Amino acid sequence: MLKKSNYYDQEHFDFEKEKIFSQNWVFGCIQDEVKNNNDFVTIDVAGKPIVIQNFKGIIKAFLNVCSHRFNKIQTTDFGKRPLTCGYHCWSFNQDGVPFFVPKKETFNGLVDADGAPDSAFNLTEFRTETCGNFVFINLSNSSDVTLEQHLGNHYNKLIDISQFIGNKIHFGKIEHKANWKILIENVLECYHCSVVHKDSLFGKLGVGSMPISEIEYSDSHSSCHFPKIQRKSDEKKRKILAFLDERSFKHDSFYHIFIFPNLVISSTEGASFYVGQLCPVSASETELRVRFFEPNIDYTEVNQGIRDILADESVKLGYEILEEDRAILENIQKGVQFTDSVGIVSEEEIRIKYFFEKYLKTINN
Ligand code: FES
Ligand SMILES: [Fe+2]
């Protein structure tokens, strides 16, 4: 188990920002979100505002702070516009160079003798790499660890699952008054599912009473299946959703992947997908960015009404589960500093142990 203060001490949180979120590959966005020229996504990593943007097919990541007088350049979570600051219209190219500056001649020291902008005014650039449909960024320019090395045998797992994930049907942000590690620990086990999700994940999908299975881990990342029990309603559901039989990824379980430090992916029987992105805000606050996806199948013959109902239902159930967890996680945050118990994890919670091991290794490195 970790030291209790690791969950609430702000100084320790600042240390984590430096050691974990500034020196590792972290999940940035879904590739489809930056598929076309000028598409962008903004996120905060280690407290820094970052923009991931497509420049004519090339995906780049920059500090989202204008080098003129420090305005935020892209101001929405997603969008499609050039990398142009909304204050005085400085425009930046794929190298972060301000290639368009209104009234450029009025600046002293902005350009060199050849008229090229001084590189001091280039935006700070960060490394990006893509695996399947997942775009990662790395704030450290000193580390030479590639994304493939970072992901280990989960590299291929992300490529595999990407081909089964279809259209995004929902994006949202849920504020948690809890430390980011409490959120991670929660999703690494389903020991709580038949209790906390009695009427949702367990009640509706039958997930939570069977032992965890097929655990795989590579360094810091892990994946597993939480098998489901068959419910009476399953057969009826299967008939209504017969078109889902076409999907090529099927499993009688809730399949879960955790990519250290901030990405969780789950598949419910291959019929719906969830991607959670943890954005730590402070020692006791985490923004959870949630994305829901439908499976990647041929929908040409599928009734749009049924497709819409399925999408609505999976988002609704997803939120029900997330809100049930959030209530618990916020209570943990309130209580953790007062207990004398060292805490303990079971075999069912073994992935938490892997997470702690990697976490401590990274922190103490
Ligand atoms: S602050 Fe961005 S153009 Fe002035
Ligand atoms: Fe849960």
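Values quoted throughout were computed directly from the atomic coordinates according to the rules given, and no laboratory measurement underlies them. Keep in mind the model is a prediction, meaning the values are calculated, not measured. With ideal geometry, Cβ positions are generated from the backbone for all residues, glycine too; neighbour counts draw on all protein chains shown.
Give, in nm to one decimal, the length gained when the segment between SER119 and ASN153 is fully stretched (0.36 nm per residue of separation minus the Cα-Cα distance).
Numbers: separation 34, 0.36 × 34 = 12.24 nm, distance 3.90 nm.
Net length gain for the segment: 8.3 nm.
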Original post:
In the P(r) worked out for region 25-139, what percent of Cα pairs fall beyond 24 Å?
Top reply: 24 percent
Original post:
Looking only at region 69-84, which residues have a backbone nitrogen under 11 Å from a spot 7 Å from the Cα of ASN36 in the C-beta direction?
Top reply: 80-81
Subject >> Scattering curve values for region 153-364, log₁₀ I(q)/I(0), Debye with Cα scatterers, q = 0.07 Å⁻¹ >> reply: -0.21
Subject >> Dimensions in Å of the chain - Rg and Dmax from alpha carbons >> reply: 22.2, 78
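Please work out how much length the chain gains when fully extended from ASN108 to THR300, using 0.36 nm per residue of separation minus the C-alpha to C-alpha distance, in nm with one decimal. Walk me through the numbers before you get to the answer.
On the way: separation 192, 0.36 × 192 = 69.12 nm, distance 6.00 nm.
Computed gain between ASN108 and THR300 is 63.1 nm.
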**OP:** Within the set of other residues whose C-beta is less than 10 Å from the C-beta of HIS197, count the net charge using Lys and Arg as +1 and Asp and Glu as -1.
**Re:** -2
Original post:
If Lys and Arg each add +1 and Asp and Glu each add -1, what is the summed charge of the other residues whose beta carbon sits under 15 Å from the beta carbon of VAL111?
Top reply: -2
Subject >> Choice from LEU188, LEU241, LEU158 showing the highest fluctuation, given a GNM over the chain with Cα pairs closer than 10 Å >> reply: LEU241
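With a length cut of 27 Å (Cα positions projected on each helix's long axis) and a Kyte-Doolittle mean of at least -1.0, go through the chain and give me the DSSP H helices that pass.
The answer, listed by residue number, is 304-335.
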Original post:
How long is the gain from VAL342 to GLU246 if the chain were fully straight, where each residue apart is worth 0.36 nm and the alpha carbon distance is subtracted?
Top reply: 29.7 nm
Subject >> Cα centroid separation, region 278-318 to region 95-168 (Å) >> reply: 27 Å
Original post:
How much net charge surrounds SER314 when only other residues with a Cβ under 13 Å from its Cβ are counted (Lys, Arg +1; Asp, Glu -1)?
Top reply: 0
